[in-house]
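Each reported figure results from applying straightforward, stated rules to the coordinates on display, with no laboratory input. What you see is a predicted model, and the numbers here were worked out from it, not measured in a lab. Every residue, glycine as well, gets a Cβ built from its backbone with ideal geometry; the counts of neighbours run over all protein chains shown.
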């Protein structure tokens with residue numbers, strides 16, 4: 001069965017620290033997609049990144065970077081030089097390619113608090 | 001370019017009542033998915049609509065039903081409300097291209113059942 005685990009419930013860092021949010025997934029499919037979303041206090045889920053299972057290349061976007069490792073079924077998210085505006089709940093999600101359109105299976109989320 | 005919109009923002013109902021939540025997808029999108037997010041939890045998939053039909057359904061009872069209109073907007077209906085239905089209801093839209101396309105979320109409707 002598909003499952004996403006975000007073992008870190010809460011993380012607190014001081015501004016400018018680097019922080020890594022862990023995500024481990026389970027799936028039997030060879031084709032699947034992984035996502036990260038940010039949920040600020042306003043409640044709206046903001047899309048950050050989408051990766052497919054055939055592309056293990058790591059990605060960097062500004063202060064954000066993602067490390068995808070199929071061997072360990074992990075898709076970790078690192079924020080470099082964190083800022084107060086990064087404070088939010090971050091969700092990792094999985095979608096299996098065989099389901100057209102693909103329902104998202106979310107982890108429990110990691111609440112990140114960045115203190116000035 | 002308008003994003004996903006939802007109405008109302010907040011709603012308070014009592015047990016046993018019925019509620020209808022509305023969603024307008026992002027411009028150009030044809031697929032709408034609904035999720036329920038209880039406090040402190042990740043969103044749970046309720047169902048997805050494409051071409052005015054329910055295409056996928058999560059593990060939710062028949063009290064939860066939906067509809068998609070020709071303009072791709074969608075409604076979520078919940079009958080016989082229970083206290084446990086209190087949650088943030090999120091609508092997400094995407095463009096069906098036969099893949100697990102990126103879903104973009106609206107701001108949600110906060111439902112409180114008393």
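Shielding value for A:3-13 is 0, the average number of Cβ atoms from other chains within 10 Å of each residue's Cβ.
Ranked for footprinting exposure by Cβ neighbours inside 10 Å, fewest first, B:65, B:7 give B:7, B:65.
Need one value for A:103-112: mean number of C-beta atoms belonging to other chains within 10 Å of its residues' C-beta atoms. Could you put the intermediate results ahead of the total?
Details: counts 14, 12, 5, 7, 2, 3, 5, 0, 1, 0.
Per residue, the average neighbour count from other chains is 5.
For segment B:1-69 versus segment A:31-92, the inter-centroid distance based on Cα atoms is 24 Å. Over all Cα atoms in the protein assembly as shown, the spread is summed up by Rg and Dmax: 17.6, 51 Å.
Each principal axis of the Cα atoms in chain A has its own extent, and those three values, largest first, are 44, 28, 22 angstrom. The order of A:110, B:9, going from fewest to most other C-beta atoms within 10 Å of their C-beta, is B:9, A:110. Return the percentage of antiparallel bridges among DSSP beta bridges fully within chain A, rounded to the nearest 5 %. Around 90 percent of the beta bridges assigned by DSSP in chain A are antiparallel ones.
When every Cα-Cα distance of chain B is counted in 10 angstrom steps from zero, the calculated P(r) takes the values 15, 50, 29, 5, 0 percent. Taking other C-beta atoms within 10 Å as the exposure proxy, B:29, B:67, B:10 rank B:10, B:67, B:29 from fewest upward. Across peptide B:35-41, the average count of Cβ atoms from other chains found within 10 Å of a residue's Cβ is 3.
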